[in-house]
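Derivation of every value follows stated rules applied to the coordinates shown; laboratory data play no part. Computed from a predicted structure; not experimentally measured. Here the Cβ is made from the backbone with ideal geometry for all residues, glycine too, and neighbour counts use every protein chain on show.
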Ligand code: MG
């Protein structure tokens, strides 16, 4: 999982240095999309061994400080920024379409409970609209897991009733947000998973109900990465293993990603 910068060639070179062949391209909310298609077409043709599985859309103004802040600022749930972010998601899908990227994903924000009526229906209708927009480019639209339970996410997906609505499964998020066991969630959502994040973390402090858990280097948290990879094998998952590491220190982050590549190579027998 890597992020687009002002230079597509530099972003892709960063990925290539880890010796991996595929990734997910994050599009920061602050990035102007003007001229990006041409830049990325050029960068991708210069690195033909790297494929992009997903365009991951994030938005200006999102803040992951703690659970109430996430609820207030993340994804398409907050009203104040909804129209702007809906338009942005469609624009990112259009850019991804120009680059032949088959999937678009985002954090939708915590899906409201169905008994909330209007708030729930608005999110359902908006998700349909995004699925239909992505469908015009032959893309799936993926929802990141973790901000609600897998049961609630699955019920919502069934209610949206669009065959191209998929899941970007992040096992660490289930832990960080205290939303249940990731392997049970994987079993429940298995027919909808299009991509996965290989990310790890520990549960929040139970005495601080608003706190998120802490993200950790792959293998150093509570996911149980060998069991996660084994479970992916059991459910017949054939998509990419996208390493996600949010460590702010660039040097440490790069070292953790390199270790994660090694760990996944060992676990998948590709060493
Ligand atoms: Mg993730």
For this session: Pop a pseudo-label 7 angstrom from the Cα along the beta-carbon direction at both residue 46 and residue 137 and give the gap in nm to one decimal.
Result: 2.2 nm
Problem set entry | Span per principal axis, largest first, for the Cα atoms of the chain (Å) | 49, 41, 34
